[in-house]
Amino acid sequence: MQPLLRRSNGNFPRIATAQPELLAHHCTEAGLIEHAIDNWLRAGHRAVEGSANVEAVAHLTRGLKLLEDLPQGSQRDEKELAFQVALLTPLFATRFGSAEGERAASRAMELFRRVGGDLRPLFRALYGLTMGGGAPSAARRGSHS
């Protein structure tokens, strides 16, 4: 099964584009963790684009869970930052002011401090904390780092 899944990413780009959640599920089941993680992120983004926020949260949460299996390091932190930032929109759309949204925003800020790079994720996390009903004091602390 694994050789078929490895080939499917290259030979069946329509599946990867149109149904990344299907590919992510099969990669997860086959133990192709890094492929699964990438496809869960794509599935989450695709769901958000279609305003399928509940599905987006589910896809992104599955990818985050798989990230726990990867070794600690900057690559893992970068991937987790992408997941945490991607989670903000669907969490705020479905659970405005929730503790989950605040945790995702706070974690994104923490990861940004470690990883650095593009400021847009940090701004999004700060916005999430202040507009999503999170603790403004946490957002102010994050903005001074």
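The values are calculated or read from the model by the stated rules, or taken from the named source; none is laboratory data. Everything numeric in this text was worked out from a predicted model, so none of it was measured. We place every Cβ from the backbone using ideal geometry, glycine too, and count neighbours over all the protein chains shown.
Hey, could you check the range 43-70 for residues that are within 19 Å of Phe92 (Cα to Cα) and of a type in the set (Lys, Arg) and say which is modelled with the lowest pLDDT?
Arg46
Would you point out the residue of the range 60-105, among those that are β-branched (Val, Ile, Thr) and touching a helix residue (DSSP H, G or I) at 6+ places or on another chain (Cβ under 6 Å), that is surrounded by the most Cβ atoms within 10 Å (Cβ to Cβ)? Outline the logic, then answer.
As a first pass, look at the range 60-105 and keep what is β-branched (Val, Ile, Thr): 61, 85, 89, 94.
So of that shortlist, the ones also touching a helix residue (DSSP H, G or I) at 6+ places or on another chain (Cβ under 6 Å) come out as 85, 89, 94.
Values: Val85: 24, Thr89: 19, Thr94: 14.
That would be Val85.
How many residues are hydrophobic (A, V, I, L, M, F, W, C) and under 13 Å from Glu80 (Cβ atoms) if we restrict to the range 97-111?
The number of residues fulfilling the criteria is 4.
Search the range 50-77 for residues that are at negative phi and pair each with any residue that is surrounded by fewer than 12 Cβ atoms within 10 Å (Cβ to Cβ) and in a loop (DSSP other than H, G, I, E, B) when their beta-carbon atoms are under 9 Å apart and the residues are at least 6 apart or on different chains.
Once the first residue is at negative phi and sits in the range 50-77, its partners that are surrounded by fewer than 12 Cβ atoms within 10 Å (Cβ to Cβ) and in a loop (DSSP other than H, G, I, E, B) give Ala56/Gly50.
Residues Arg95, Arg7: which one is at pLDDT below 85, out of contact with any Ser or Thr (no Cβ under 9 Å at 6 or more places or on another chain) and in the same structural domain as Gly117 (by TED's automatic domain parsing)?
Exactly one residue qualifies, and that residue is Arg95.
Take the residues in the range 37-59 that are hydrophobic (A, V, I, L, M, F, W, C) and under 12 Å from Gln19 (Cβ atoms); name whichever of them is farthest from the chain's Cα centre (by Cα).
Ala47
Leu41 versus (1) part of a helix (DSSP H, G or I); (2) more than 24 Å from Asp118 (Cα to Cα): which is the lone unmet condition?
(2)
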